[in-house]
Each structure stands twice: as structure tokens, then as C-alpha cells.
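The values are calculated or read from the model by the stated rules, or taken from the named source; none is laboratory data. Keep in mind the model is a prediction, meaning the values are calculated, not measured. Virtual Cβ from ideal backbone geometry, glycine too; neighbours counted across all protein chains shown. For the accessible areas, the whole protein counts, side chains as well, though only heavy atoms, and no ligand, DNA or RNA atoms are used. Shrake-Rupley method; radii C 1.70, N 1.55, O 1.52, S 1.80 Å.
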Amino acid sequence: MIFKKEKEENKEDYRVINNMRALALDAINKANSGHPGICLGAAPILYTLYAKHLSVDLDNPKWYNRDRFVLSAGHGAPLFYSMLYMLGIIGMEDMKELRQLGSITPGHPEITTPFVDMATGPLGQGIASAVGMAIAERYLNSAYNKSLINHYTYVLCGDGDLEEGVSYESLALASRLKLNKLIILYDSNDITLDGKLSLSSSEDIITRFKSLNFNILVVNGESVNEIDEAITRCYDSEMPSIIICKTVIGKFSSLEGTSAVHGKPLNEEEISKIKEKLEVINSPFTVSGDAMNYFRDTIKLRMHYILREWTRKYENLKAEEKEKYDKLFNLENTYDLGNLKFEYEDLSLRDISGNILNAIADDFPLLIGGSADLSSSCKTSLKNTTNFDENNYKGRNINFGIREHAMGSILNGMALLGLRPFGSTFLVFSDYLRPAIRMSALMDLPVIYVFTHDSITVGEDGATHEPIEQLASLELIPNLYVYRPYDVNELLSCYRDILANKHPSVLVLPRDNKGISELTKNNKIENGAYILKKEETKDFVTLIANGEELGLTMQVSDNLNALNIDTRIISMPCMKNFGTQDSRSIIPKTKVFAITYGVKNYYYKFTDKVIGMINFGISAKKEDVLNHFGYNADLITEKVREFLGDKNE
Ligand SMILES: Cc1ncc(C[n+]2csc(CCOP(=O)(O)OP(=O)(O)O)c2C)c(N)n1
Ligand SMILES: [Mg+2]
């Protein structure tokens, strides 16, 4: 729907907007780095949202029921910072330190700068995580408290965000779930970095969003009145909204409307000319104090009653209720497993995992998640709850559909609101959501990924379904805690460690291993690795493994012992934990062998003597696959002996 507003624009609004524009240009110019195009083009959108609509407490950036704002077009960060300056939240020194070492005004603010709920470096992530925030809001509103948690989620995105596939995936789900408190503000300037949007896209964006049944509004993105009116009209919508704000990239510059102004700082002369057009003070880093006061007062006045009412309701909570809410509001979402009761006899590890997850969920309402259409395979269905759906936002099983990438990004958004979200798929498909996993790690979000079918032992489905390099490549991501337990004892400790901490974690499980050992009872998952079987003499061979391979490794150890070769077995269920511990001394310097069904590189930092894969898998029965690649206790025993012979020569 396109509409025109007759009301005259308010000059005071534009004074703030133009000061925001000018200050952003100064900061970019000083840093000699940044994106002036969006700062000039999208300033009225950001201003209108903050001045007229966003529910926010300027004195408390972490107020829980604030409307969330996601800067999906993260390259617009300088504009966001200049707005924060106009609101008196950051200082001029911060503006002058744009993108410099240690500043609170980095290239992309991620989640470190006050009032930035999330910003995207990788385009598209912000939109998808905003869907996660909108899901979390609906869940908490239904399951916790309707009057304390009931906010909107806004996203500012550009052409690039909407070109990214993850925006399709996530918005299709937002539509299916009728997340009507999600409002997308689209800075539609038809320009991207390399030139016109039409170089790479001929999509009719309105038809796209019509097919998603979105509430669609089209406005002049330079008009505060039109944007204001459009946001108001979203409040009554039963569907998520997109406001297509037609803007001009680099407006008021000599390069306006071209990609040349997307990401290149403008020089001083050019900035001076722009400032004349904007009618702002023509000297660097100088803004109008009156404009600042007007902006701040507008928000304060608008929010005064809303904040007072919310605080009154919160203060009226009973003491024990208050404690529960305080925990949520402070994002205190660790969980102590205690003595869980669950079945594990004669079950595969993924089935046991499902039972543990269910036992935890029954007692821990912040645990909510789903699967990319593999919940029955990954065993992540929660039995004592229902599907999260448009008429039942209390449900805790989310059907993400075959949308792995969106699932990961959505989990990030959910975690930002304080939930402990989980999502599952096969390990081999973890590549489909890797950008989201990287964001979990970068932002240190307590997301739990459950990836099953974790090696060539999946067999018959063939090479495409057999993960080879995935484990090693996930391990490469900093701050990502990858867990690969062998049996129920280790698995339980993994869950315990994951939930006692708040790091992003990946739980990697086999399809059908039922192995169990007495030796794993004394595992030390928090140390990452431990001695499963101790040697008896001073001259021994060390064998390292984790997950399903540990069973094979124990057989190899028995074989070697029968040949009078003493052994130590190290189980290493969490390499990241091991890397942060002072316990590396459990691995000797010589005679160390590792066994993995994945690529050999996984263990190279501990030893170059690795029995592992150097190519893709093959389609056959599990036993045939293993034999084909030489994973047989007798053959490996021989290999170890050969290695030892090499060493002795
Ligand atoms: C996933 C990803 N790919 C590429 C980039 C690099 N990049 C940053 S902005 C941009 C152009 C985006 O175009 P648009 O969203 O229309 O922004 P505008 O040029 O209008 O400011 C690109 C390609 C990125 N940040 N993320
Ligand atoms: Mg654009």
C-alpha cells in the first residue's frame, strides 16, 4: 500500500536528522573508513523509529521490555552512533574514535555498544536473528507474563540483507508463525556496493512479501511523517510487517544515488558543501545542543508513563516471582542438572540424549528449541510440551523447516533475550548454518546445537551424508565448545557442562552407537580430556580418541596389551575445554596415536600419528564402510606397531 501524508513535516525533526547525518560523516572522515551512503540516506528512518516509536529507557539500556532494535544493515553503524551521541549516550570522543582500537564505536557494533541489541557484519544475519527475538518475545509473553514482556522487534535492513538467502528462510517462518510484532524497516535505495541493485536482481519485492502474506507499506524514506504513520499502521497488523522506505543513497552528496558513495569516506570540502545543504553548523564534530535536547526530551516524554506503569507492575510481583523474573531480566540462565532421572539401558546415544534433554526441559522452562525437520532423527522433540505455533506460543517445539541457516540465526536472537535455545540437524549439514554458528561464537551466546549422525558410520546414505571435515572445521571456530561424548556417562557430563556455562556449544552424537563403559564414570569433561585407562609401566603408548571411536580404541588397547605393549587411553570429549586447561601434561611427547573417523588434521596439534580420513566416505553397510577404510582393531594394532617400529629404527 502506498499512501501520502498531507501534514507538513516538522523542522525540529529534520534538525536532529541533519545533525545526525553530519556527525556520522565527520566520524567516517576522521577514521578514513566507513559507509557514508546509508548514513545520509537512512537517517530519517532511524530517527523516526527512535523519536516516535521505540520503547526504550534512555537511562537503562538493558531495560528488559525495551523494543528490540536490530541493525541488520550493520554498515550503518556510524549513523547509529551519531544518534546515540545526539541522545547523550556516548561522548564526542567516542565519535572521534570510530573504528579505532578499544573504542565503543567499532566497525560493526555487534552487541558491545549500549542500545545495540544486535548488529550484523554478515548481511542477512540481523533479519534472521530478529525473527528469533520475535519468537522469544512471543514465548515469554505466553509462558511467563503478558504485561511485563510484550515488546516489538524492529530491524533496519538494506537491499543486501534481503538478497541473502537467510532472509527468505527466516521471514518465511516469521510469516508462518504470524509474528506480528516484527517490523522490518527496509532502506530501499536500489543500490548495493558494486552498483545498481538491478545488476543482480529483478525481483519484485512487493510480490515477494505479498506471497509471504506480510503487511506491506511503501513510504518516502525521507519523510518523517510517512514513516511515522506507517509504523503506527503496523500495530494493528496480524502479520509481520515490512515498511519499504524508498531512499536515496548518499543523499545531499555530489555522488547521491550511486554506489560510489556506499563505502568511501567523503572529503572535507564535500562534507562542508553537504553541511550547507543540511543547514547545520559547518565545523567538524559540532552539533546543535538544541537539537540534542529536543530529541532526548521527545523520547523521555513519550516513555515517561510507559516506564512508570511497567515498573509499577514489576514492583507488584510477589517476592518469589520477582526472583524468577530478575533472573530472566539479568540473563541468568545457567542450569544445574542435579540428579536427573532418565532411561538409558540398551539405547543409542542419540536416544539417551533425547531422554536427557526431555528430563532437563521438564524442569527448565528457558530451554526451548527445535529442528530443521530432523527432530525425530536427532531425538530433540520435547514430549511434555506442544508445537510453538500461532495459536500456541507457549509450545516449546519449533518446526524450523528445512532451513538450517535460519535456524542458527534465529537461535542467536532467542539467546539474546535470555533463553537457552537448541536446534538440531545432521552433523554433515552444519555447513549450512556455519555463518550463524560463527555469530553465536562471536557474540558468546549460549546456543546449544545438537548434531547427530556424526561420521562415516551412517553408512548406506553415502558420502554426502558422511561428515568428514565438519568436526575439525567446527573445532577451528574460536569460543565454540564442541562436545563429542562416547557413552551415557560422558553425555550426561557434557549436558552438565554445557548448562553450567553460557558458551555456545555443539553436541555431536553418532547415529547408533550403544557402547558404554565403566571407565567413563570418572570423566572430567570440564577439563576437556582425561585418562580413561591408565598405563601400568613407564614405557607405554598413548591412544587418543573421542565419541564412537573410543570403543574401537579400547579394542586396540586390549590388543596391544595382549602383545605386552602397555597403553594409556585418553578420552577427549571437548577439545576446547582441554585447550583452556592446564592439563595438557596428560599427553606425553612421544608414542602418541589418535584415531578418528574424520580428517586427520583434527588431532595434528597433539600428534602426527593419526588414523583418520583423507578423502570422502562411501555408501555401504556401516561394517563394510569401516573395513573399507581400515577401521578394524587388528589392522590398527598393526599400524601402531609399524609406527612404533618407525620410531625405533
Ligand atoms: C554476507 C555479506 N556479504 C558481503 C558483505 C559486504 N557488504 C557490506 S555492505 C554491502 C552492500 C550492501 O548493499 P545494501 O544493503 O543495499 O547497502 P547500501 O549500499 O544501500 O548501503 C556488501 C556487499 C557483508 N557485509 N556481508
Ligand atoms: Mg542498497
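On average, how much area does the Cα convex hull of segment 137-192 cover when viewed from any direction, in nm²?
Details: hull surface 17.1 nm².
Mean projected area of the Cα convex hull: 4.3 nm².
Relative to the compact-globule estimate of 2.2 N^0.38 Å, the Cα radius of gyration of segment 31-186 comes out at 1.03.
For Ser202, the solvent-accessible surface with a 1.4 Å probe is about 120 Å², rounded to the nearest 10. In this structure, Ser211 and Asp297 have a Cβ-Cβ separation that, at R0 = 25 Å, corresponds to a calculated FRET efficiency of about 0.05.
May I ask which of Lys62/Lys275; Lys502/Lys576; Lys62/Lys379 have a Cα-Cα span longer than 25 Å here?
Numbers: Lys62/Lys275 34 Å; Lys502/Lys576 14 Å; Lys62/Lys379 36 Å.
Those over the limit are Lys62/Lys275; Lys62/Lys379.
Computed as a quarter of the hull surface, the mean projected area of the alpha carbon convex hull for the chain stands at 31.6 nm². For Lys538, give me every one of the lysines with a C-alpha distance below 26 angstrom, ignoring sequence neighbours fewer than eight places off in its own chain. Partners found: Lys521, Lys524, Lys589, Lys591, Lys605, Lys609, Lys639, Lys647.
By the equivalent-ellipsoid construction on the alpha carbon gyration tensor, segment 78-170 comes out with semi-axes of 27, 19, 10 Å, ordered largest to smallest.
In segment 177-292, Rg over Rh equals 1.06, where Rg is the alpha-carbon radius of gyration and Rh the Kirkwood radius from pairwise Cα distances. The fraction of all Cα pairs in segment 15-113 landing in successive 10 Å bins from 0 to the largest distance is 16, 52, 29, 2, given as whole percents.
Would you mind calculating the gained length between Thr537 and Asn339 on full extension (0.36 nm times residue separation, minus the Cα-Cα distance), in nm to one decimal?
Details: separation 198, 0.36 × 198 = 71.28 nm, distance 3.75 nm.
Stretched out fully, the Thr537 to Asn339 stretch lengthens by 67.5 nm.
Within a straight-line Cα-Cα reach of under 18 Å, Lys196 can be paired with the following lysines, leaving aside sequence neighbours fewer than 8 residues apart in one chain: Lys246, Lys251, Lys264. Treating each Cα of segment 592-649 as one equal point scatterer and applying the Debye formula with no solvent, the log10 of I(q)/I(0) at q = 0.13, 0.16, 0.23 Å⁻¹ comes out as -0.36, -0.53, -0.97. A convex hull fitted around the alpha carbon atoms of segment 410-546 yields 124 Å³ per residue.
Residue order by solvent-accessible surface for Asp362, Asp194 is Asp194, Asp362, largest first, with ligands and nucleic acids left out and a 1.4 Å probe.
With 0.36 nm allotted per residue and the present C-alpha distance subtracted, the Asp444-Asp608 stretch has 55.9 nm of extension available. Kirkwood-type hydrodynamic radius, segment 374-466: 14.1 Å, calculated from all non-identical alpha-carbon pairs.
Kindly state, to the nearest 0.05, the FRET efficiency for Lys589 paired with Asp558, given R0 = 22 Å and r defined as their beta-carbon distance. Calculated transfer efficiency: 0.35. Put simply, the Cα atoms of segment 320-438 extend 44, 37, 31 Å along their principal axes, the longest span coming first. Each of Glu518 and Arg641 was given a label point 7 Å from its Cα along the Cα-to-Cβ line. The distance between the two points is 2.9 nm. Largest first, the three principal axis extents of the alpha carbons in segment 283-326 are 56, 20, 7 Å in whole numbers.
What FRET efficiency comes out for the pair Glu276/Lys7, r = Cβ-Cβ distance, R0 = 35 Å, nearest 0.05?
Values: r = 27 Å, r/R0 = 0.78.
Computed FRET efficiency for Glu276 and Lys7: 0.80.
Taking the inverse of the mean 1/r over every pair of distinct Cα atoms in segment 359-413 gives a Kirkwood hydrodynamic radius of 11.6 Å. Between Lys621 and Glu320, full extension at 0.36 nm per residue minus the direct alpha carbon distance yields a gain of 102.8 nm.
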